[in-house]
Each structure stands twice: as structure tokens, then as C-alpha cells.
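The values are calculated or read from the model by the stated rules, or taken from the named source; none is laboratory data. Bear in mind the structure is a predicted one, so any value in this text is a computation, not a measurement. Glycine also receives a Cβ, built like all others from the backbone with ideal geometry; neighbour counts cover every protein chain displayed. Heavy atoms of the whole protein, side chains included, go into the accessibility calculation; ligands, DNA and RNA do not. Shrake-Rupley method; radii C 1.70, N 1.55, O 1.52, S 1.80 Å.
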Amino acid sequence: MFAAISDPTRRAILDRLRHGPARVTDVAEPFDMSLAAISKHVRKLEGAGLVRRARRGREHTLTLNARPLRHVVRWTLRYEQFWTDRLERLEAFFAQKGRTK
């Protein structure tokens, strides 16, 4: 899952599909890469369960399946309090540092 969403091109594809199903050729249009390269990215997303492909003749339509992203959200939420605490301590440090000058 993390490998699939770590690439900015794949994240952009997911963002495009967030607006609804789209043909592979339409998804590929804004990218400066070949259709074969986009297809490799799509296969990686399919492997992670984030994209479903429907074939009708030569036309391939992609649909977002965001459900697996819930696992990522749950995992990252565990660290939210950790980072909030750290940032608050950093803010307090700089506030104290500013008062001592």
C-alpha cells in the first residue's frame, strides 16, 4: 500500500479518479509519459487494491477503490498525538528562547 501511494504520479492518478471513473487514456493525458508508463503505474495501484479496471473491448475504465486507504489513515492517526506533542514542545522552546533575549 505505502509503495503504491509513495509515487507522486500514482497519487495524481488516484486524485484524478476521486472525481469518478475514467478511461486509462483520459487519466494518462496530463502526464508527460507514455501510455505504457501510465499502465505500469495503474498496475501497481491495482495490485494494492486501490484501482479497479473494467474492460470493454479495447477501452479500459478505471475506478478508485479508496477503502484500502483506511488502513493508511488508521496507521497515521496513531502518530498524530506524537507529532502534536513534539511540535507544541518546539513552539514552547522557541517562545521561551525569545523571552530570554
inquiry  = I'm trying to understand the selection: among the residues of region 35-65, which are at pLDDT 95 or above and assigned to a loop (DSSP other than H, G, I, E, B)?
reply    = ALA48, GLY49, LEU50, ASN65
message = If I ask for residues that are among the hydroxyl-bearing types (Ser, Thr, Tyr) and under 21 Å from the mean Cα position of the chain (by Cα), which ones from region 50-101 would you list?
response = THR61, THR63, THR76, TYR79
ask   = Of everything in region 1-25 that's within 18 Å of THR63 (Cβ to Cβ) and either in contact with a Ser or Thr (Cβ under 6 Å, 6 or more places away or on another chain) or part of a loop (DSSP other than H, G, I, E, B) (or both), which residue is least open to solvent (accessible area, probe 1.4 Å)?
value = GLY20
Matching residues in region 67-86 - criterion: being acidic (Asp, Glu) and open to solvent by 80 Å² or more (accessible area, probe 1.4 Å) = GLU80
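Tell me, which residue of region 26-38 that is surrounded by fewer than 17 Cβ atoms within 10 Å (Cβ to Cβ) and touching a helix residue (DSSP H, G or I) at 6+ places or on another chain (Cβ under 7 Å) is nearest to HIS60 (Cα to Cα)?
LEU35
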